[in-house]
Each structure stands twice: as C-alpha cells, then as structure tokens.
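These notes concern the structure reproduced below.
Please treat every number below as a calculation from the coordinates, not as lab data. Fair warning: this is a prediction, and the values are worked out from it, not measured in the lab. Cβ placement follows ideal geometry from the backbone for every residue including glycine, while neighbour counts extend to all protein chains displayed.
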Amino acid sequence: MGLVLRDKYGKDYPLPKKALPKWLLMIVGPMVNKMFSRRFVRNNVNVEWKADNSKIRQELDMSFIPLQKTMEDSFQVLIDNGILKTK
C-alpha cells in the first residue's frame, strides 16, 4: 500500500519505502497484537491478493473503482480529517 501511495503522497507524508521482512514480523507481530500470530503472518504476508469480480460485474452490470483510486481516496480522508500530519 505504501508503494502505491508514495508517488502521490510520499513527498509530504512519511510512507514506508519497503516492507518489513516476513521473519521479523513473525517474531514481533504476536508481541504487538495477538491477531498477528505466526500462522497469520505466514499465510497472509507477501501473498499476492487475487479476486474475481467478473460474475457480479456481468450479473448486476456493476463497475468498480480501481484499488489504487480507493486507497488514494481513503488516505485523503485521513488527511482531510486531520488524522495524518505532514512531515
């Protein structure tokens, strides 16, 4: 997510340049939040997310906003509400 948002917001907001190593997240994750168990990290971190919305697009004639646009809009809401501050 950070890499996607860096082009638009990276100059003004502290976004990560790269992801934490999976091994480090497996060690620290459970200590930070029990939800980040080693099993959860192993099964969900650095795993490509795939989804198929072709059925809903065909049957309901829907179109979806691209994921990048959705993330940018969500980040902008955080900025507009004063939740995120510039560098």
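Which of (1) under 24 Å from LEU84 (Cβ atoms); (2) surrounded by 10 or more Cβ atoms within 10 Å (Cβ to Cβ); (3) among the hydrophobic types (A, V, I, L, M, F, W, C) is the odd one out, the single condition ILE56 does not satisfy? All conditions pass for ILE56, except number (1). Going through (1) among the hydrophobic types (A, V, I, L, M, F, W, C); (2) surrounded by 11 or more Cβ atoms within 10 Å (Cβ to Cβ); (3) assigned to a helix (DSSP H, G or I) one by one, LEU84 falls short only on (3). Scanning the range 41-85 for residues that are basic (Lys, Arg) and farther than 29 Å from MET26 by Cβ yields LYS55, ARG57, LYS69, LYS85. Checking each residue in the range 1-46 for being exposed (fewer than 10 other Cβ atoms within 10 Å of the Cβ) and closer than 23 Å to GLU72 by Cβ picks out LYS17, LYS18.
Restricted to the range 8-24, and to residues that are without any contact (Cβ under 8 Å) to a residue 24 or more places away in the chain and in contact with a helix residue (DSSP H, G or I) (Cβ under 7 Å, 6 or more places away or on another chain), which residue is nearest to VAL41 (Cα to Cα)? Checked the range 8-24; the qualifying residue nearest to VAL41 (Cα to Cα) is PRO16.
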